[in-house]
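Engineer: Have a look at this one before I ask anything.
Every number here is computed from the coordinates shown, using simple stated rules; none is lab data. Worth saying up front: this structure is predicted, and the values here are computed from it rather than measured. Every residue, glycine as well, gets a Cβ built from its backbone with ideal geometry; the counts of neighbours run over all protein chains shown.
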Amino acid sequence: MGKISNICVFCGSSVGGDPIYTQATQSLGKLMAARGFNLVYGAGNIGLMGVLADSVLAAGGEAIGIIPEKLVGRELAHQGLTELHVVETMHDRKAKMHDLCDAFLVLPGGIGTMEEFFEAVTWRQLDYHCKPIGMLNVGGFYNGIEQFFKTMLSSKFLRPKHAELFFVDTDSERLLDRLTV
């Protein structure tokens, strides 16, 4: 594994219904900046995406955003980023995020967050990349995903070696430590 500089974080365009999600996101952003990790993300100024970027930037870190032109038109692009890349489509956005990062983290989020997570895991399974993928399980948010992977494994839809394509932790510091092992 090479040196980790840029971490792509997938997270919600909403802050969710529990303040614990915002607190965990702010904490992660400060920790990323303190450890010298750059944020690569979807460039949003709302939800956990905006919270994370603001937290990284406020702590002196760098935030690189990638957003489709259609969402810029809706005034959803964060205007204070270190770098803002405007691309044509959502597919272009994900490809650019994948190209710019050395590792992936997943925070609480909705359908888009899950789609991004599953694509990163699928691409790793198919050897399109070997970047580490970590999931921050805030307040049990991802307990169901952990169980789902166990079900796929026990039902023989997932090989044992593929059950370790990503890891889950409840602690941001341990999660970042595991990315760099």
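Engineer: Would you be able to say whether some residue in region 57-70 is surrounded by fewer than 24 Cβ atoms within 10 Å (Cβ to Cβ), in contact (Cβ under 8 Å) with a residue 24 or more places away in the chain and basic (Lys, Arg)?
Structural biologist: No, every residue in region 57-70 fails to be surrounded by fewer than 24 Cβ atoms within 10 Å (Cβ to Cβ), in contact (Cβ under 8 Å) with a residue 24 or more places away in the chain and basic (Lys, Arg).
Engineer: Before we move on, is ASP54 of a type in the set (Asp, Glu) and touching a residue at least 60 places away in the same chain (Cβ under 8 Å)?
Structural biologist: On the way: of a type in the set (Asp, Glu): yes; touching a residue at least 60 places away in the same chain (Cβ under 8 Å): no.
Taking the combined requirement at face value, the residue does not satisfy it.
Engineer: For THR122, are the conditions met, namely being closer than 20 Å to HIS98 by Cα, polar (S, T, N, Q), free of Cβ contacts under 8 Å to residues at least 40 places away in the same chain and in a helix (DSSP H, G or I)? Break it down into steps so the answer makes sense when it comes.
Structural biologist: Values: closer than 20 Å to HIS98 by Cα: yes; polar (S, T, N, Q): yes; free of Cβ contacts under 8 Å to residues at least 40 places away in the same chain: yes; in a helix (DSSP H, G or I): yes.
For THR122, the condition - closer than 20 Å to HIS98 by Cα, polar (S, T, N, Q), free of Cβ contacts under 8 Å to residues at least 40 places away in the same chain and in a helix (DSSP H, G or I) - is met.
Engineer: If you don't mind, another one. Just one of the numbered conditions (1) over 16 Å from the mean Cα position of the chain (by Cα); (2) buried (at least 17 other Cβ atoms within 10 Å of the Cβ); (3) of a type in the set (D, E, K, R) is not true of GLU88; which one?
Structural biologist: Unmet for GLU88, out of (1) over 16 Å from the mean Cα position of the chain (by Cα); (2) buried (at least 17 other Cβ atoms within 10 Å of the Cβ); (3) of a type in the set (D, E, K, R): (2).
Engineer: Anything in region 88-119 that is more than 19 Å from LEU39 (Cα to Cα) and either of a type in the set (Phe, Trp, Tyr) or in contact (Cβ under 8 Å) with a residue 60 or more places away in the chain (or both)? List them, or say none.
Structural biologist: GLY110, PHE118, listed by residue number.
Engineer: Checking CYS8 against (1) more than 21 Å from ARG178 (Cα to Cα); (2) in contact (Cβ under 8 Å) with a residue 40 or more places away in the chain; (3) surrounded by 19 or more Cβ atoms within 10 Å (Cβ to Cβ), which single condition isn't satisfied?
Structural biologist: Every listed condition holds for CYS8 apart from (1).
Engineer: Separate question: Which ones in region 160-174 are in contact with a helix residue (DSSP H, G or I) (Cβ under 8 Å, 6 or more places away or on another chain) and either part of a loop (DSSP other than H, G, I, E, B) or surrounded by 10 or more Cβ atoms within 10 Å (Cβ to Cβ) (or both)? Steps first, answer last, please.
Structural biologist: Here is the first cut: in region 160-174, the ones in contact with a helix residue (DSSP H, G or I) (Cβ under 8 Å, 6 or more places away or on another chain) are 160, 162-163, 165-170, 172-173.
Selection gives HIS162, ALA163, LEU165, PHE166, PHE167, VAL168, ASP169, THR170, SER172, GLU173.
Engineer: Applying the selection to region 125-161, what residues are free of Cβ contacts under 8 Å to residues at least 60 places away in the same chain and β-branched (Val, Ile, Thr)?
Structural biologist: Result: ILE133, ILE145, THR151.
Engineer: Would region 101-109 turn up any residue that is more than 16 Å from LEU48 (Cβ to Cβ) and either touching a His at 6+ places or on another chain (Cβ under 8 Å) or part of a helix (DSSP H, G or I) (or both)?
Structural biologist: no
Engineer: Could you identify the single residue in VAL15, VAL51, VAL56 that is in contact with a Ser or Thr (Cβ under 8 Å, 6 or more places away or on another chain), over 16 Å from PRO132 (Cβ atoms) and assigned to a helix (DSSP H, G or I)? Quick ask: steps written out before the conclusion?
Structural biologist: Numbers: VAL15 fails: assigned to a helix (DSSP H, G or I); VAL56 fails: in contact with a Ser or Thr (Cβ under 8 Å, 6 or more places away or on another chain).
Result of the check over VAL15, VAL51, VAL56: VAL51.
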